[in-house]
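Nothing in this text is a laboratory measurement; each read-out follows from the coordinates by a stated rule. These numbers come from a predicted model, not from an experiment. When we count neighbours, we look across all protein chains shown, and the Cβ atoms used for this are built from the backbone with ideal geometry, even at glycine.
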Amino acid sequence: MIRFYLILFVLGLAAAIRSLIEPPLLPVILIHDVAMTRKPWDFWTITPEKLEQIVGLIRRLGMKTLSLAQVEALLRGELSSDAASGALLFTVDDGTASVATEVAPRLSRERLSAVFFVVGRFTPPGYLSGDQIRSLIAQGHEVGSHGATHVSLAPVPVRTKRHALSGEQVRRELDDSRAVLSGVTGRDIVALAYPQGEYDDRTKSAAREAGYRLAFTTDPGYLAVGDDPLELSRLQLNWNSTLSDIESYLTWPRRHRLKLAMSWGLVSVLSLVGALIARSLSVRR
């Protein structure tokens, strides 16, 4: 019995230490357009005031933003716990004109960076120009692909009534966007955000064959060591997302990590007490 308690003590202590040493779960937030007004069916546009509140929340929480290279390192288990602690990935889809006028300046003022997923064939005035995309990179941000024309790359599109693309058309969408953005930025485009958030195994395979190393969905969740790099979760922030909900999402990994460590620590302490009691009883006999 004493041996059992001692084994449980060691295992509990090791689990508590491991939960504190391993990189915590990484939150990834997603926004789209930023404007003062929106159409009634536009669920994704947020106001400049809401953006300012989100950036202010990140600043108040003392969080930092990671790069795509750091995300890759985290997925491989090669990012240190210190680097991952209190970090997030900030992503922006579509590449609308508000990126240059609203989003990038606010983030840059706070020394925060973002990954801007740009639709390869969308052009001004509603979307970013080549010069604006290059300016984003000069400010320390990164650029990824959001498809060539923003059509769904899933075999059976859910959100639209368009016919599904063939495998060749999917590959063309991925290759074309990557080529256009590489030409504009002079850099390799390694990350993709699935247009309309739709994907399946065929889409993932096509993305991998096209040379993308990371691909993001709109499925809510966190990033963790060992996750599929072509099926990465994000929390989409919309016009009605509350600051309390956003804060809860951003801080949950810290709270979960501490709670897990404390739980295993309690198991370890109780096991040690059990071992001492068992030893005391055996001595009395």
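Computed over the Cα atoms of the stretch 206-259, what is the convex hull's projected area averaged over all directions, in nm²?
5.0 nm²
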* Cross-link partners among aspartates and glutamates for K204, C-alpha distance below 16 Å, same-chain residues fewer than 8 apart left out? -> E168, E173, D175, D219, D227, D228, E231
* Asked: What is the spin-label model distance, in nm, from N240 to S182 if the labels are put 7 Å beyond Cα along the C-beta direction?
  -> 4.3 nm
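Using a Förster radius of 51 Å, what is the FRET efficiency between S85 and S166 based on their Cβ-Cβ separation? Nearest 0.05, please. Provide the component values of the computation, followed by the final result.
Values: r = 45 Å, r/R0 = 0.88.
E(calc), rounded to 0.05, equals 0.70.
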* Asked: In nm, to one decimal, how far is the R111 label point from the V225 one, both placed 7 Å along Cα→Cβ?
  -> 2.8 nm
* Kindly identify the stretch 27-244 as rounded, prolate or oblate by the Cα gyration tensor criterion: order the square roots of the eigenvalues as a ≥ b ≥ c, call it rounded if a/c is under 1.5, otherwise compare a/b with b/c, prolate if a/b is larger, else oblate. => rounded
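Using the scaling law 2.2 N^0.38 Å as the reference, what is the normalised Cα Rg of the stretch 78-172? Mind showing how you got there, number by number?
Numbers: Rg = 16.2 Å, N = 95, 2.2 N^0.38 = 12.4 Å.
Cα-based Rg divided by the globular estimate yields 1.30.
What's the local net charge at T96, with K and R +1, D and E -1, over the other residues with C-beta under 10 Å away? Could the numbers behind the result be given before it?
Details: positive: none; negative: D33, D93, D94, E102.
Here the charged neighbours net out to -4.
Assuming R0 = 51 Å, what is the FRET efficiency of W44 and M1, from their Cβ-Cβ distance, to the nearest 0.05? Don't jump to the answer; show the numbers that get you there.
On the way: r = 60 Å, r/R0 = 1.17.
So, using R0 = 51 Å, E works out to roughly 0.30.
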* To do: Just name one of I133, W44, I58: the one whose Cα is farthest towards the positive end of the charge dipole of the stretch 27-144 (beta-carbon charges, Lys/Arg +1, Asp/Glu -1).
  => I58
* To do: Output the relative contact order of the stretch 27-244, whole-number percent, from Cα pairs under 8 angstrom with separation of 6+ residues.
  => 23 percent
* Would you mind working out the magnitude of the charge dipole of the stretch 27-244 relative to its Cα centre, with +1 at each Lys and Arg C-beta and -1 at each Asp and Glu C-beta, to the nearest 20 Debye? => 360 debye
